[in-house]
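Encoded as structure tokens, the structure appears first; notes follow it.
The values are calculated or read from the model by the stated rules, or taken from the named source; none is laboratory data. Quick caveat: nothing in here was measured; it's all calculated off a predicted structure. Here the Cβ positions follow ideal geometry from the backbone for every residue, glycine too, while neighbour counts run over all protein chains shown.
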Amino acid sequence: MNARQIGMKIVWIIVVFSIGLVGFFIFSADKGDGLEKTMEDAGVSEGEPVYQAPLSYGEDYPSAFAAGVIGIIITLIFSLGLTYLLARVGKSKKSKVRDVKGEKDNGAS
């Protein structure tokens, strides 16, 4: 897979995300989630948060879209980096196994 194909797949992921985000704001942004509904039914109010996130997740479409795209990019970078590291570790372990079995040529021939 070349860089152009990877770029097109990333663009499609972002397009699908943006369409799904529209659906989220249309169908569920005004309604509370299950926990909020249960608390409302029980007459319990929400307390002060224990931890405040450094960034907002988006109260409107543009900020939610920006947060989502940043999350997609961070996830891709992390997963590609982790895949690279695992491949390097696997390759070095495979090389050590061949050395122990005597399958690797050390130039002694």
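Determine whether Ser56 is closer than 16 Å to Leu21 by Cα and modelled with pLDDT under 80. Can you show your working first?
Working: closer than 16 Å to Leu21 by Cα: yes; modelled with pLDDT under 80: yes.
Yes.
Of the numbered conditions (1) assigned to a helix (DSSP H, G or I); (2) over 17 Å from the mean Cα position of the chain (by Cα), Ile70 fails exactly one; give the number of that condition.
Every listed condition holds for Ile70 apart from (2).
Tell me, which residue of region 21-30 that is farther than 30 Å from Gly7 by Cβ and surrounded by 10 or more Cβ atoms within 10 Å (Cβ to Cβ) is modelled with the highest pLDDT? Give the steps one after another, and end with the answer.
Going through region 21-30, the residues farther than 30 Å from Gly7 by Cβ turn out to be 27-30.
Among the residues that remain, those that are also surrounded by 10 or more Cβ atoms within 10 Å (Cβ to Cβ) are: 28-29.
Numbers: Ser28: 72, Ala29: 62.
Per the stated criteria, the residue is Ser28.
How many of the residues in region 31-74 are within 25 Å of Ile6 (Cα to Cα) and surrounded by 11 or more Cβ atoms within 10 Å (Cβ to Cβ)?
10
List the number of the failed condition for Phe17; all other conditions in (1) modelled with pLDDT of 85 or more; (2) in contact with a helix residue (DSSP H, G or I) (Cβ under 9 Å, 6 or more places away or on another chain); (3) assigned to a loop (DSSP other than H, G, I, E, B) hold.
The number of the failed condition is (3).
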